[in-house]
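Let me begin by presenting the structure, written as structure tokens, before commenting on it.
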Amino acid sequence: MAMIDPGFYKELLDQMSDGVYFVDRERRILYWNEGAFRLSGYKAEEMVGRLCQDDILCHVDASGRRLCHEGCPLSASVEDGGSREARFFCATRWDGGFRCPSGCSRSATARAR
């Protein structure tokens, strides 16, 4: 079977309008696609290597609870390997350094290796 160039997957993910990022078991950001940049205003160079729980995006639920510190669906998925669907809000950065809230939903799935 022919191998597909890994660059193909990156190019495919970067063409998506959805924001996609990958994290390791410590929730360190390993990959940040162009959709994530368009939604957040943060470039991959600013995000890769950072910890998701550093509260960069300030994920909160509808009641204002900060998900990065309690009730994080991504953290729960990393712990038990299950899937989670979450509706959350995050602050985005735009030109001039202004931040504004935007609603998002994400699916978090982790697989143990």
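Scanning the range 21-36 for residues that are buried (at least 17 other Cβ atoms within 10 Å of the Cβ) and either over 10 Å from the mean Cα position of the chain (by Cα) or of a type in the set (Asp, Glu) (or both) returns 34, 35.
Pull up the range 40-59, narrow it to residues that are aliphatic (A, V, I, L, M) and surrounded by fewer than 18 Cβ atoms within 10 Å (Cβ to Cβ), then point me to the one that is modelled with the lowest pLDDT. Spell out the reasoning first.
Going through the range 40-59, the residues aliphatic (A, V, I, L, M) turn out to be 44, 47-48, 51, 56-57.
Filter once more, so that each one left must be surrounded by fewer than 18 Cβ atoms within 10 Å (Cβ to Cβ): 44, 48, 51.
Values: 44: 93, 48: 95, 51: 90.
Per the criteria, the residue is 51.
Pairing residues of the range 4-17 that are under 13 Å from residue 36 (Cβ atoms) with residues that are charged (D, E, K, R) and surrounded by 11 or more Cβ atoms within 10 Å (Cβ to Cβ), at Cβ distances under 7 Å and at least 6 apart in sequence or on separate chains, gives 14/34. Across the range 15-39, the number of residues qualifying as within 29 Å of residue 80 (Cα to Cα), in a helix (DSSP H, G or I) and at pLDDT 85 or above comes to 4. Would you be able to say whether some residue in the range 10-25 is at positive phi and touching a strand residue (DSSP E or B) at 6+ places or on another chain (Cβ under 7 Å)? Checked against the condition, which is being at positive phi and touching a strand residue (DSSP E or B) at 6+ places or on another chain (Cβ under 7 Å), the range 10-25 yields no hits at all.
The values are calculated or read from the model by the stated rules, or taken from the named source; none is laboratory data. Nothing here was measured: the structure is a model prediction, and the numbers come from that model. Glycine also receives a Cβ, built like all others from the backbone with ideal geometry; neighbour counts cover every protein chain displayed.
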